[in-house]
Amino acid sequence: MKLLVTGGAGFIGSNFVRYMVNKYPDYNIVNLDLLTYAGNLENLKDIENKPNYKFVRGDIADRDFVQGLFQEEKFDFVINFAAESHVDRSITDPGIFVQTNIQGTLALLDAAKSFDVKKYLQVSTDEVYGTLGETGYFTEETPLAANSPYSASKAGADLLVRAYHETFGLPVNITRCSNNYGPYHFPEKLIPLMIINALNDKELPVYGDGLNIRDWLYVEDHCQAIDLVLHKGRDGEVYNVGGNNERTNIDIVKTILKQLGKPESLIKYVKDRPGHDRRYAIDATKLRTELGWQPKHNFDTGIKETIDWYLNNREWWENIISGEYQEYFKSQYGDRLGVE
Ligand code: NAD
Ligand code: TYD
């Protein structure tokens, strides 16, 4: 079996590559990643010399390159993680989200169709469903109602994947997962940003009233869900992935401060994100009942392990925040926090 994993140098992709390389020594896994600001080969140091693993640098939206790679490698399975993934960046620069998330997906679908792959799995997000009020859950039947340029680009890609199944009979699945957390999470996202700022005794910028809710899943549970869908998912189906761990943002931030023994006076409520979705909550009944998926990690232990990982892997994140990240932080938070 030969697998193409795109975006395998990012947060979830690198956790998935490690999981698959170790679990399936007989599979050959090719990781295609452009190494944008979010891609980091340090994430894969421990497995980079495994005989069943290979890294290729390239752009999923480069059609000729993608066709050539498929011709050469003859992939059986394609799992597409590669994406621009941060909502705040999509508000300041939406164009690259359309380019990578939509044009990139289209280039992969065309190559998958030309070279008869056995399964194309699109890693999508619950954010394509929009936002919930105080009650209710996203099911696979919830209409798409994306609110950010990021989620709009992911929804557009999902519709292309669906269309390639309906029109060309391409064997596809789409997974829509809730917010992930765990090792190698890039510190632009809520949990790693708050852990690192707290460790550096810097202010923790909480958007709006801090009561927006996300439904958190430990990254390894997501990897396991994708493994199941890849091998057992019914062609053409969408599967929601989520572990019923709804938390307000302020609750998460206070949990982090408590574990690190840092004061709540570091919290700073700042100007809200425009179009900020209020609540996400996933109904994953289909994945649980049809494919027998069962998450292994509960939030209380998962968040502790994650905080410990950041404590034990200082070098990993210190390298990241010493580079162009400084410019990013200033542009996103300079006005909000009143810092230069
Ligand atoms: P990430 O930003 O950490 O990683 C994205 C990876 O894609 C990086 O390694 C980057 O270099 C690579 N990449 C970007 N543009 C590329 C291109 N044009 N060609 C090749 N590679 C490119 O993202 P993540 O958080 O790991 O998310 C991975 C996928 O999972 C995304 O598709 C995202 O929409 C989806 N997802 C994320 C979450 C979450 O909580 N993070 C939840 C549900 C779904
Ligand atoms: P994020 O990690 O960016 O994921 P997403 O927006 O894709 O769900 O944000 C999670 C939540 O945390 C979201 O409600 C926005 C909020 N947030 C803050 O309050 N402050 C921050 O600095 C960041 C990055 C996010």
Could you tally the net charge around TYR280, taking each other residue with its Cβ under 9 Å from the Cβ of TYR280, Lys/Arg +1 and Asp/Glu -1? -2
For the range 13-30 and the range 118-176, what is the separation of their Cα centres, given in Å? 25 Å
DSSP beta bridge pairing in the chain, given as percent antiparallel to the nearest 5: 10 percent
In debye to the nearest 20, how big a dipole does the chain give about its Cα centre with +1 on each Lys and Arg Cβ and -1 on each Asp and Glu Cβ? 400 debye
Report the full-extension gain for the segment THR301 to ASP26: residue separation times 0.36 nm, less the Cα-Cα distance, to one decimal in nm. 95.8 nm
Using the Cβ atoms and a cut-off under 13 Å, what net charge is assigned to the surroundings of ASP59, where Lys and Arg are +1 and Asp and Glu are -1? -2
Determine, at each q value in 0.21 (inverse angstroms), the log₁₀ of I(q)/I(0) that the Debye formula gives when each Cα of the range 167-297 is one equal point scatterer. -1.18
Kirkwood Rh, angstrom, the range 1-72 [1 / mean 1/r, Cα pairs]: 12.2 Å
Once Lys and Arg get +1 and Asp and Glu get -1 on their Cβ, which of ALA112, PHE138, THR92 lies farthest toward the positive end of the dipole of the range 89-143? ALA112
Rg/Rh (Cα only; Kirkwood hydrodynamic radius) as it applies to the range 69-169: 1.02
Give me the angle, in degrees from 0 to 90, between the Cα long axis of helix 219-232 and the longest principal axis of the Cα atoms of the chain, rounded to the nearest 10. 20 degrees
Net charge (Lys, Arg +1; Asp, Glu -1) of residues whose beta-carbon lies under 15 Å from that of TYR27, TYR27 excluded, is +4
Only Lys, Arg, Asp and Glu count, each charged at its Cβ (+1, +1, -1, -1), so figure out the dipole size of the range 40-129 about its Cα centre, rounded to 20 debye. 320 debye
Hey, in the GNM for the chain with a 10 angstrom Cα cutoff, which one of THR175, THR36, THR167 fluctuates hardest? THR167
Work out Dmax and Rg for the chain from the C-alpha atoms and quote the Rg first, both in angstrom. 19.3, 57
To the nearest 20 debye, the range 199-258 has a Cα-centred charge dipole, built from +1 on Lys and Arg Cβ and -1 on Asp and Glu Cβ, of 120 debye
Enter the mean projected area of the convex hull around the alpha-carbon atoms of the range 180-221, in nm², rounded to one decimal. 3.4 nm²
Looking at the square roots a ≥ b ≥ c of the eigenvalues of the Cα gyration tensor of the range 234-325, which shape do they give, rounded for a/c under 1.5, prolate if a/b is larger than b/c, or oblate? prolate
For the range 249-325, what is the number of Lys pairs with C-alpha distance below 25 angstrom, counting only pairs 8 or more positions apart or on separate chains? 14
Ratio of alpha-carbon Rg to the 2.2 N^0.38 Å globular estimate for the range 83-134, to two decimals, please. 1.42
Whole-Hz couplings from phi, Karplus 6.51/-1.76/1.60, listed for the range 58-71; x for Gly and Pro: x, 9, 5, 8, 8, 4, 5, 4, 5, 4, x, 5, 5, 4
Just how many pairs of Lys in the range 104-217 have C-alpha atoms closer than 25 Å, counting pairs that are eight or more places apart or on different chains? 5
Sort largest first and round to whole Å: the equivalent ellipsoid semi-axes of the range 90-249, each the square root of five times a Cα gyration tensor eigenvalue. 30, 17, 16
Could I have the simple spin-label model distance between GLN71 and ILE96, label points 7 Å from Cα toward Cβ, reported in nm to one decimal? 3.0 nm
If you rank HIS222, HIS165 by fewest surrounding Cβ atoms within 10 Å, what's the result? HIS165, HIS222
Quick one: Cα centre-to-centre distance for the range 51-115 and the range 207-277, in angstrom? 25 Å
Could you list which residues have their amide H under 5 Å from that of TYR239, counting only those 5 or more apart in sequence or on another chain, with H placed in the peptide plane? ILE174, THR175, ARG176
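No lab work stands behind these numbers, since they all come straight from the coordinates. Since we're looking at a predicted model, the values are computed, not measured. Virtual Cβ from ideal backbone geometry, glycine too; neighbours counted across all protein chains shown.
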